[in-house]
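A short worksheet on the structure shown next.
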Amino acid sequence: MSTTVPRPEMRAVADLLARARPGPAALMVEGEAGIGKTTLVLHALEVARNQGFSVLSAHGSVAEVEYAYAAVADSIGGIDQAVLAKLTSQQRRALDRAQDALTAGAPDIDERTIAAAFCAAIENLSATSPVLLALDDAQWLEPSSRAVIGSTARRLSGAVACWSRSGSANLMALTPHVG
């Protein structure tokens, strides 16, 4: 796949992953439709996996913009159950409710509780391997996931890379300490 990704973009991916090993790092990719942003995201996911990163990803979709916590639920799906088992019962319940929101409507739990649980899950995961959280078409993330992921990105301290593409400047603006 790397033959279809231009060298400067390959270097940007390599730099992001290198910066994420000692602590949080972020990269935002913007550009016109059809220039290869999704190809670059797929390349980053492949490289991260090959380097031993745990990869969590979500894809914003206009069809899911009304589903509370859709991107959070997609991301949680990439976390091993053994990592989730280390969370408190309240945190596990919050993430379960976020996942249930896709079928049952808005969860009856505070957004801050879901954000704290999501952050704890990613921090636990980053204790065993660096983490890449990749958001594709972030402009279509629904408000609840945008709030939870933004809150989490501001609080990360482990080896985590946040990758966001297309119209997600608001999300990256929420991550002032992530370089």
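Values in this text are rule-based calculations from the coordinates and carry no lab data. This is a predicted model, so every value here is computed, not measured. Glycine gets a Cβ as well: all are built from the backbone with ideal geometry, and neighbour counts include every protein chain shown.
The Cα atoms of region 48-100 give a gyration tensor whose axes a ≥ b ≥ c have a/c of 1.5 or more with a/b no greater than b/c, which makes the shape oblate.
Using only the Cα atoms of region 24-165, build the gyration tensor, take square roots of its eigenvalues as a ≥ b ≥ c, and label the shape rounded, prolate or oblate: rounded if a/c is under 1.5, else prolate if a/b is larger than b/c, else oblate. Oblate, because a/c is 1.5 or more while a/b does not exceed b/c.
With both labels modelled 7 Å from their Cα along Cα-to-Cβ, the Arg92 to Glu66 distance reads 3.4 nm. The simple Förster model, with R0 at 22 Å and r as the Cβ-Cβ distance, assigns Ala14 and Ser129 a FRET efficiency of 0.80. Answer rounded, prolate or oblate for region 106-157, using the Cα gyration tensor with square roots of eigenvalues a ≥ b ≥ c: rounded when a/c is under 1.5, else prolate when a/b is larger than b/c, else oblate. Cα axes put region 106-157 in the oblate bin. Each principal axis of the Cα cloud of region 6-90 was taken in turn, and the coordinate range along them, longest first, works out to 45, 35, 19 Å. Ranking of Ser75, Ser151 by neighbouring Cβ atoms within 10 Å, starting from the fewest: Ser151, Ser75.
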